[in-house]
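The values are calculated or read from the model by the stated rules, or taken from the named source; none is laboratory data. Predicted model only: the values in this text are computed from it and were never measured. Virtual Cβ from ideal backbone geometry, glycine too; neighbours counted across all protein chains shown. Accessible surface is based on the protein model in full, side chains and every heavy atom, while ligands, DNA and RNA are left aside. Shrake-Rupley method; radii C 1.70, N 1.55, O 1.52, S 1.80 Å.
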Amino acid sequence: MRNSSGKISIMIVCIIVGIMLSVQFKTSEKYGPSLRTSRMEELALKNSTLLQEKEALSKEVVSLREKMTHIASDSALNADLQEELKKSNIAAGFISVEGPGIIVTLNDSPRAIQPGDDPNSLLVHDEDILFIVNEMKASGAEAICVNDERITAMSEIRCAGTTILVNWNKIAPPFVIKAIGDPQMLESGLLIRGGKLEELKLYGLQTQVERKDKLEIPAFTGALKFQYTSPIQSKKKADS
Amino acid sequence: MWILTLVCLGIGLFIGFQLPISLPAEMVKYASIGVLAALDSVCGGIRAYMEDSFDNTIFLSGFFVNSLLAGGFAYLGDRLGLELYLAAVVVFGVRLFQNLGVIRRYLLKKY
């Protein structure tokens, strides 16, 4: 009795063990026949970490792509800004420029001072230069320099004793005034009848106007400081 | 007797291969320990049967409890960061070989 029940239970248990074994075989085979169980654990862990990494990386790809489009639009913006900056620099005289234009050379009168002469009438004055520069501006000059001192919006042309100051630098005769613009226009603006050059010639000063297809005008080399000036916010500007 | 067990084992294997059951990857390790314990129990049972000291209750309870305990130990070991399943492998492996050795001797004596 005991034996037969024992037999039966052994048989049942054997069948169960057989099922367990075969399931185990199948599972092991499914995950690779040569994989050890501990290795499988490790690989499962690695797999899950790699999956996480992959997810993170794909997110990164998306964000980088977004950034790239931003940068692309930014670089267009940048190019626009650079263009603006270039224009502003040219206008402000911060970079050297070249182009067609005229060169006006002024020099003191070679005539020796006669007794009774006013020595001032033989010299080139700050006003003369200022007048010519102004005339050039009126004739559409885009860049002007006097003895390689770039004329900026804040440049002064002023008599200081026996010398003339431009950009706080002393300049001495001969005064070479270069202007970039339409040479024809500039020349005719200066040589206009009753103009400043004629007047200077009348005084006996040496004047010379020369058209150039290409001339260079150096950059403003002085320091730039805004002690009192600050820009008005663009919003306010728009409101006003 | 042992032919019967082998036949039953074969039937079990056949059924198992036919069944559309497969374990998840994380479970393989624990299940394998359980299988080892089950094998040990079966061998122990056969040996006890041959020694005429077979007890059905002990056999069946040993079979199920040992299998579950072995799997549970392996799981606990993993949670604790301890290779506890090695202990189960060593214990059940040694016992399995001992039991098999005893069975072999009985069989040799018999025939």
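So which helices of chain A fit the span-like rule, where a helix is a whole DSSP H run, its Cα atoms reach 15 Å or more along the axis, and its mean Kyte-Doolittle is at least 0.5?
Going by DSSP H runs, the hits are A:2-30.
Please give the FRET efficiency for residue A:185 paired with residue A:148, using the beta carbon to beta carbon distance and R0 = 30 Å, rounded to the nearest 0.05. It would help to have the intermediate numbers written out before the result.
Numbers: r = 23 Å, r/R0 = 0.77.
Here the calculated transfer efficiency is 0.85.
Please check: in the Gaussian network model of chain B (C-alpha springs, under 10 Å), which one of B:11, B:46, B:58 has the largest mean-square fluctuation.
Highest fluctuation among the options: B:11.
At a Förster distance of 56 Å, what's the computed FRET efficiency of residue B:109 paired with residue A:58, Cβ-Cβ distance as r, to 0.05? Kindly include the intermediate steps, with their values, before the conclusion.
On the way: r = 68 Å, r/R0 = 1.21.
So, using R0 = 56 Å, E works out to roughly 0.25.
Amide H neighbours of residue A:125 under 5 Å, counting only residues 5+ apart in sequence or on other chains, H built in-plane at 1.01 Å?
Correct list: empty.
Counting protein heavy atoms only and a 1.4 angstrom probe, how many square angstrom of accessible surface do chains B and A bury in total, to the nearest 100?
On the way: alone 7900 and 17830 Å², together 22620 Å².
In total, this chain pair buries about 3100 Å².
Under a crude label model (7 Å from the Cα following the beta-carbon direction), how far is residue B:55 from residue A:44 in nanometres?
Computed distance between label sites residue B:55 and residue A:44 equals 3.6 nm.
Return the single residue from A:81, A:57, A:202 with maximal mean-square fluctuation; model: Gaussian network over chain A, springs between Cα atoms under 10 Å.
Evaluated over chain A, the most mobile residue of the options is A:57.
Looking only at other chains, what is the average number of their beta-carbon atoms within 10 angstrom of each beta-carbon in B:3-13?
Counting Cβ atoms of other protein chains within 10 Å of each residue's Cβ and averaging gives 6.
What list of ³J(HN,Hα) couplings, whole Hz, do you get for segment B:34-45 from phi and the Karplus terms 6.51, -1.76, 1.60, once you set θ to phi - 60° and write x for glycine and proline?
Along segment B:34-45, the couplings run x, 4, 4, 4, 5, 4, 4, 5, 4, 4, x, x Hz.
Protein chains only, probe 1.4 Å: how do A:80, B:55 rank by accessible area, largest first?
A:80, B:55
What does the average come to when, for each residue of peptide B:27-40, you count the partner chain Cβ atoms lying within 10 Å of its Cβ?
Counting Cβ atoms of other protein chains within 10 Å of each residue's Cβ and averaging gives 4.
Mind listing the long-range amide H neighbours of residue A:96? Cut-off is under 5 Å, sequence gap 5 or more, other chains count too, H placed in the peptide plane at 1.01 Å from N.
Amide H to amide H, under 5 Å and 5 or more residues apart or across chains, residue A:96 pairs with A:219.
Using modelled amide H (1.01 Å from N, peptide plane; none on Pro or chain starts), what sits under 5 Å from the amide H of residue A:170, excluding residues fewer than 5 places away?
So residue A:170 has HN proximity to no qualifying residue.
Can you work out the FRET efficiency for the pair residue B:22 and residue B:83, with r the C-beta to C-beta distance and R0 = 35 Å, to the nearest 0.05?
Efficiency computed from Cβ-Cβ geometry: 0.85.
Once the piece of chain linking residue A:158 and residue A:75 is laid out straight, how much longer is it, given 0.36 nm per residue of separation minus the C-alpha distance between them?
Fully extending the segment from residue A:158 to residue A:75 adds 25.5 nm.
Convert each backbone phi in segment B:79-90 into a coupling constant with the Karplus relation 6.51 cos²θ - 1.76 cosθ + 1.60 (shift: θ = phi - 60°), then list the ³J(HN,Hα) values in order as whole Hz, x for Gly and Pro.
These are the phi-based 3J(HN,Hα) values: 5, 7, x, 10, 7, 5, 4, 4, 4, 4, 4, 5 Hz.
Considering only lysines 8 or more places apart in sequence, or on different chains, count the pairs in segment A:1-152 whose C-alpha atoms sit under 19 Å apart.
Lysine pairs satisfying the spacing and distance rule in segment A:1-152 number 4.
Where is the GNM fluctuation largest for chain A (alpha-carbon springs, 10 angstrom cutoff): A:184, A:227, A:206?
Its mean-square fluctuation being the largest, the pick is A:227.
Read phi for every residue in segment A:102-116 and hand back ³J(HN,Hα) as whole Hz from Karplus 6.51 cos²θ - 1.76 cosθ + 1.60, θ = phi - 60°, with x for Gly and Pro.
With the stated coefficients, segment A:102-116 comes to 10, 10, 10, 10, 10, 9, 4, 5, x, 5, 6, 5, 8, x, x Hz.
Run the accessible area of segment A:98-217 with a 1.4 Å probe and give the carbon-and-sulfur part as a rounded percent.
51
How do A:165, A:43 rank by accessible surface area computed with a 1.4 Å probe, from largest to smallest?
Working: A:165 25, A:43 55 Å².
Output order, biggest surface exposure first: A:43, A:165.
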